[in-house]
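Since the structure comes first, as structure tokens, the remarks are kept for the end.
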Amino acid sequence: MASAREEAERHGPGDRTMDEWVRVDDDVREEATSAVKRGRRPAPVAAGVEIEDEVKLELNRSVGATRAPRLEQRLADATRAFTAERYGDAARILRKLVEEAPRVAAARELCGVTLYRQGKWKPAIK
């Protein structure tokens, strides 16, 4: 029986199909097909982000009842961006949020974790 190299030399590289060059069993082919399908799907996004009552209360105390709902929405937007692994978007939103409401622990924590995910170690520590 001829080796793969001998076969390639006899027939030339353009005479063979991919299946003849690479032996792939059904399990590998199925896993590869599944991986390609997973790669085409967008990352799951937390569509209905619920801000906890404790965080809402903290926002109210920090910025007042009129500005708190807007900041709640921005915190939810940042959470969705973080969940979708859009760390740059989350950091941009959170930076402004933390400036406006520096005493809101949930915003500061998410900002720190976001910076950590971006590899910005020193700012994450702050």
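General remarks:
- Criterion violated by Ala124 - all others in (1) farther than 20 Å from Leu59 by Cα; (2) among the aliphatic types (A, V, I, L, M); (3) exposed (fewer than 15 other Cβ atoms within 10 Å of the Cβ) satisfied: (3)
- Every condition in (1) buried (at least 16 other Cβ atoms within 10 Å of the Cβ); (2) touching a residue at least 24 places away in the same chain (Cβ under 8 Å) holds for Gly88 except the one numbered (1).
- The listed residue being in contact (Cβ under 8 Å) with a residue 24 or more places away in the chain and over 20 Å from the mean Cα position of the chain (by Cα), out of Val104, Val98: Val104
Coordinate-derived values only; no laboratory data. What you see is a predicted model, and the numbers here were worked out from it, not measured in a lab. Using ideal geometry, Cβ is built from the backbone for each residue, glycine included, and neighbour counts are taken over all protein chains shown.
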